[in-house]
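Here is the structure we will look at.
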Amino acid sequence: MSMMLLLAASLYAQETTVIAIHPQDGKNVISKNIYGQFAEHLGTCIYGGLWVGENSSIPNTNGYRNDVLQALKDLKVPVLRWPGGCFADDYHWMDGIGPKENRPKLVNSNWGGTIEDNSFGTHEFLNLCEMIGCEPYISGNVGSGSVEELAKWVEYMTAEQGSPMAKLRKENGREKPWKVKYLGIGNESWGCGGSMRPEYYSDIYRRYATYCRNFNGNRLFKVASGASDYDYNWTEVLMQNIGRRMSGISLHYYTVSNWNRKGSATNFTNDDYYGTLGKCLEIEQVIKKHIAIMDKYDPEKRIALLVDEWGTWWDEEPGTIRGHLYQQNTMRDALVASLSLDVFHKYTERIKMANIAQIANVLQSMILTKEDKMVLTPTYHVFEMYKVHQEATFLPFDIKCAKIAVQEDRVVPLVSATASKDKDGVIHISLSNIDLQKAQTVELSLDNIKVKGCTGRILTSTNINDHNNFDHPNTVVPKAFNGAKVQNGKLTVTLPPKSIVALTIN
């Protein structure tokens, strides 16, 4: 047994987890956009994942994969960020409009040197958003683009009539403008988006944002390119120098312990697993510090925090194309998703969007595709189980549970939880047990509300590295849960090891 696990054994101080939920104190609504997705021109996220073209033998509707379309509708995707990522600051939108045979090609130098044929552009993306019923989130090119280029893109998408860009859009087959609310003014401007200093980017933002105008009642929600995880100075400078000229500021946080040695998505030790969850949960302290800076300059909380890139990042799967970031997705990733969403809910007063990276075939994806086959990942199933929390009121709670030391400076609770009440008054509770070996007994109370009964589902697996592949697509899938008992108005739940449970309270 490793020294870490020996230390962990000494921290099982609380045998029973006690959770007291306070429904009467609920006041903040969990934005549905916390369940947002991210689609970058990277690997097979777009081409082969979302889009196969109208002439493909794979069943499709106007070029979009039917199986993926249905899966995304079932997930109730609220918002989709596109075209990047790093790709966004190399993307020139006019290359992706008009007849496909006339669209120029480019080398995707950020991601594997793949040839990008621009067959999936503005029309294809915005039409996809309409088909699955989600808001588009456009990431604008600030790094290599111009103010005029981005201003004309906004006009092309949202102007009703009487402008050159609206005329061009109509010539390309779209009579009415789209509704486009979310506009990112650059991406990772401290890095692949231009290697800028925060002072310089602040001035660049102000210039670009000035010329991105509202047309015909379409009001833009302008998002500044925010910090990478621990860069609190970036947030400080932007809050000072941009302030309320921005509607929101982004934050990127990946669960990566070592950028030089990320490790395998499926072949990992127990120590690796617990260390991953320690890194995952450190996002809470990062969020709190960024929020504290925002509160200093914006106590009314008018500026939103958007965690518009987050998730796990492992080594690419052996035999796949370097730079395409294709990785498998295990029960470990599912727990990273559930724990992260639990954190986002707690800070929903400030966090108004989060976008997991990415929607298909890249990093911690919802969906994996190979030719005409599709697999739903364990992370997909977490998002599906958690969708009941979208636009529900977050319910504060107190929790006492055993903890585990996963590294010298990280102690992780063995049980994670979140709770909400939907518009119909139904209470939903999600619970996660990260322990690989022991079940956790949870005693739940809801103040003066007596629990009459509950229904539930569980996501778990025999091994923590279990995953779904094209030969075995249902290794990790939700099943009915019968480990909850009601007695004297209180709820006792037995959580199996490495499990995620979703309860609906009656």
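Bear in mind these aren't lab numbers, they're just calculated from the coordinates by the rules spelled out. Since we're looking at a predicted model, the values are computed, not measured. Glycine gets a Cβ as well: all are built from the backbone with ideal geometry, and neighbour counts include every protein chain shown.
Here the Karplus relation 6.51 cos²θ - 1.76 cosθ + 1.60, evaluated at θ = phi - 60°, turns the backbone of the stretch 60-70 into coupling constants of 8, 10, 6, x, 8, 4, 5, 5, 5, 4, 5 Hz, with x for every Gly and Pro.
Within the straight-line cut-off of under 16 Å between alpha carbons, the lysines reachable from Lys296 are Lys288, sequence neighbours fewer than 8 places apart in one chain being disregarded.
Which semi-axis lengths, in whole Å and largest first, follow from the square roots of five times the eigenvalues of the Cα gyration tensor of the stretch 284-338? Let's see the in-between values first.
On the way: eigenvalues 240, 34, 14 Å².
Rounded to whole Å, the semi-axes are 35, 13, 8.
Working from label points 7 Å from Cα in the Cα-to-Cβ sense, the Asp117 to Lys288 distance is 5.2 nm.
Annotation: cysteines of the chain without a disulfide-compatible partner (Cβ-Cβ under 4.7 angstrom) are Cys45, Cys129, Cys134, Cys212, Cys280, Cys401, Cys454. Protection proxy ranking for 252-264, 325-337, using the average of other Cβ atoms within 10 Å per residue and placing the highest first: 325-337, 252-264.
With 32 Å as the limit, the listed pairs Lys222/Lys403; Lys167/Lys222; Lys181/Lys450 have Lys222/Lys403; Lys181/Lys450 beyond it between alpha carbons. Scanning residues 5 or more positions from Phe38 or on other chains, those with amide H under 5 Å from its amide H are Arg81, Ile356, Ile359, with H placed 1.01 Å from N in the peptide plane. Under 5 Å between amide hydrogens, built in the peptide plane, is the criterion, and for Lys490 it picks out Val451 among residues at least 5 positions away or on other chains. Spacing of the modelled spin labels on Ser144 and Asn469, each 7 Å from Cα toward Cβ, amounts to 3.6 nm. Of the residues Gly248, Thr504, Val375, the one whose Cα sits farthest toward the positive end of the charge dipole of the chain, with +1 on the Cβ of Lys and Arg and -1 on the Cβ of Asp and Glu, is Thr504.
Using alpha-carbon pairs under 8 Å, 6+ residues apart, how would you state the relative contact order of the chain in percent?
Values: 1151 pairs, mean separation 100.7, N = 506.
Answer for the chain is 20 percent.
Backbone geometry of the stretch 276-288 corresponds, through the Karplus equation with coefficients 6.51, -1.76 and 1.60 at θ = phi - 60°, to 3J(HN,Hα) couplings of 4, 5, x, 5, 4, 6, 5, 4, 5, 5, 5, 4, 4 Hz, x marking Gly and Pro. The alpha carbons of the chain stretch over 69, 52, 45 Å along the principal axes, in descending order.
In straight-distance terms, cross-link reach from Lys479 covers every one of the lysines whose alpha-carbon lies under 18 Å from its own, apart from those fewer than eight places away in the same chain; here that gives Lys387, Lys498.
Given the chain, what percent of its DSSP beta bridges are antiparallel, to the nearest 5?
On the way: 55 of 94 bridges.
Looking only at bridges with both residues in the chain, the antiparallel portion is about 60 percent.
Convex hull of alpha carbon positions in the stretch 69-209: directionally averaged projected area 9.2 nm². Assuming R0 = 45 Å, can you tell me the calculated FRET efficiency for the pair Glu130 and Glu15, based on Cβ-Cβ distance, to the nearest 0.05? Given R0 = 45 Å and the Cβ-Cβ separation, E is 0.30. A simple charge model with +1 on the Cβ of Lys and Arg, -1 on the Cβ of Asp and Glu and nothing else charged puts the dipole of the stretch 32-390 at about 1040 debye relative to its Cα centre. In whole angstrom, note down how far apart the Cα centers of the stretch 285-353 and the stretch 109-160 are. Rounded to whole Å, the Cα centres lie 23 Å apart. Across the stretch 400-406, computed HN-Hα scalar couplings (Karplus, 6.51 cos²θ - 1.76 cosθ + 1.60, θ = phi - 60°) run 10, 8, 5, 10, 10, 7, 9 Hz from first to last residue, x flagging Gly and Pro.
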